Amino acid sequence: MKIITTVRSNNIETYMNMDVDALMLGLKNYTTYLDYSFDINAIRIITSHKGNKEIYVLVNRIIENTEIEETRKTLKELASLNIDGIVILDMGLLQIAKEEHMLNKIVFSPSTYITNKDTAAYFSSYGIKRLSPSREISLNNILEIKNNIHCEMEVMVYGHRNIFYSKRHLLDLYNENYNTDVKVSYLKEEKRESLFPIKQNEQGTFVYSEKPLNLIKYLDKFIENNIDYINLESNFINEKELSKVATEFRNAINIYYDKEAFYKYINSLNIDDSDDGFINRDSVYMQEEY
């Protein structure tokens, strides 16, 4: 099992020194929610000094018709670099990858709609390197998907989940409509006390879960079922805290086969200010089987 996290600043050395196996770099003009992204030249330099770290490039913006051919050129240039994969969410890019014979570098991470084993099996049959299922499905669904695909699988186990995205600049529209200049960091629903982090950049507006996900107490299930990569999502998490979390997961993985030490270590961790997401809740939209 390997650990991957997303780089959110130009302080690349800090991330290189974290106890993770792989880093994900956002590609400038092709990512949505990241605070910092890299151009191809910067990625080329980073990969030339990556050592034992795996490097993935995130291309998670929705691509429009007029951008297809330029995106094709960009993907081909990325594939020529010393990278380990390209992370995409747009299904159209799968077709480009197929035409350009680079499916073996593709990590398909559409965020929401891989929710069952048949959908996962369909995409794994493309010949992609890895896929990531929806972050809103249960542990049982995750493990069933893993047992029905023929590629690697990556599961988000830590961090704030993105629960809303709009290409509109909603904070700007709010201030314009109410003639204010409020700097909003959180949203609060009228009938709930929860505060949901919100951010806006040139790609639109993003709302996140109130608490960070932390699935370290389910790590034994992921290891037993051969989950290939676990993802530590770094949004709203400072680098010091992210490094601490990475070390906790690494320590737990390293002592897994000493079960007494493993469970003692897991129980010693303070994860009260986090939640389990949907890991224990089957989707209300899952069809009943007959």
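The values are calculated or read from the model by the stated rules, or taken from the named source; none is laboratory data. These numbers were taken from a predicted model, which means no experiment stands behind them. With ideal geometry, Cβ positions are generated from the backbone for all residues, glycine too; neighbour counts draw on all protein chains shown. Calculation scope for accessible area: heavy atoms of the full protein, side chains included, ligands and nucleic acids excluded. Shrake-Rupley method; radii C 1.70, N 1.55, O 1.52, S 1.80 Å.
The residue among 25, 9, 82 whose Cα reaches farthest toward the positive pole of the charge dipole of the stretch 1-86, with charges on the beta-carbon of Lys, Arg, Asp and Glu, is 82. For the pair residue 122 and residue 166, a Förster radius of 45 Å applied to the C-beta separation gives a FRET efficiency near 0.95, rounded to the nearest 0.05.
Counted by Cβ distance under 11 Å from residue 233, the other residues give a net charge of +3, where Lys and Arg count +1 and Asp and Glu count -1.
Mind checking which of 124, 268, 194 has the largest fluctuation in a GNM of the chain, springs on alpha carbons under 10 Å? Residue with maximal mean-square fluctuation among 124, 268, 194: 268.
Magnitude of the charge dipole for the chain, about its Cα centre and with charges confined to Cβ atoms of Lys, Arg (+1) and Asp, Glu (-1), is about 420 debye.
Kindly work out what percent of the DSSP beta bridges joining two residues of the chain are antiparallel, to the nearest 5. The partial results should precede the final answer.
Values: 13 of 42 bridges.
Counting DSSP beta bridges with both partners in the chain, the antiparallel share is about 30 percent.
Restricting the chymotrypsin sites (Phe, Trp or Tyr not before Pro) of the stretch 220-268 to loop positions (DSSP other than H, G, I, E, B) with no more than 12 neighbouring Cβ atoms within 10 Å leaves 257.
For residue 169, what charge total do you get from the other residues with a beta carbon under 10 Å from its beta carbon, if Lys and Arg give +1 and Asp and Glu give -1? Intermediate values should be presented prior to the final figure.
On the way: positive: 167, 168; negative: 172, 176, 202.
Result for the neighbourhood of residue 169: -1.
Positive-end ranking of 180, 51, 153 along the dipole of the chain, with charges on Cβ about the Cα centre, is headed by 51. The dipole here belongs to the stretch 59-133: it is taken about the Cα centre, uses +1 on the Cβ of Lys and Arg and -1 on the Cβ of Asp and Glu, and is about 300 debye. Largest GNM mean-square fluctuation across 105, 221, 129, computed for the chain with C-alpha springs under 10 Å, falls on 221.
Among the GluC sites (Glu not before Pro) found in the stretch 167-199, those both in a DSSP coil and sparsely packed, with 14 or fewer other Cβ atoms within 10 Å of their Cβ, are 189, 190, 193. Surface composition of the chain: carbon and sulfur make up 46 percent of the accessible area, probe 1.4 Å. Taken along the Cα-to-beta-carbon direction at a fixed 7 Å, the label points for residue 181 and residue 140 span 5.5 nm. Solvent-accessible area per residue in the chain equals 53 Å², computed with a 1.4 angstrom probe and all protein chains kept. The distance linking the stretch 125-142 with the stretch 20-67 is 21 Å (Cα centroid to Cα centroid, whole angstrom).
Placing dummy labels 7 Å off each Cα toward the beta-carbon, the span from residue 257 to residue 275 is 3.8 nm.
When the helices of the chain are scored as -39500 (n - 2.57) per DSSP H run of n ≥ 4 and the total is divided over every residue, the value at 222 nm lands at -9000 deg cm²/dmol. Among the listed pairs 2/244; 146/244; 28/98, which have their C-alpha atoms separated by more than 26 angstrom in this model? Check vs 26 Å cut-off fails for 146/244.
Going from most exposed to least, what order do 119, 112 have by accessible area with a 1.4 Å probe?
On the way: 119 35, 112 75 Å².
In descending accessible area the options line up as 112, 119.
Extending 7 Å from the Cα toward the beta-carbon at both residue 223 and residue 28 defines two label points whose distance is 4.2 nm. Qualifying chymotrypsin sites (Phe, Trp or Tyr not before Pro) in the stretch 172-203, where qualification requires a DSSP coil assignment and no more than 11 other C-beta atoms within 10 Å, are lacking entirely.
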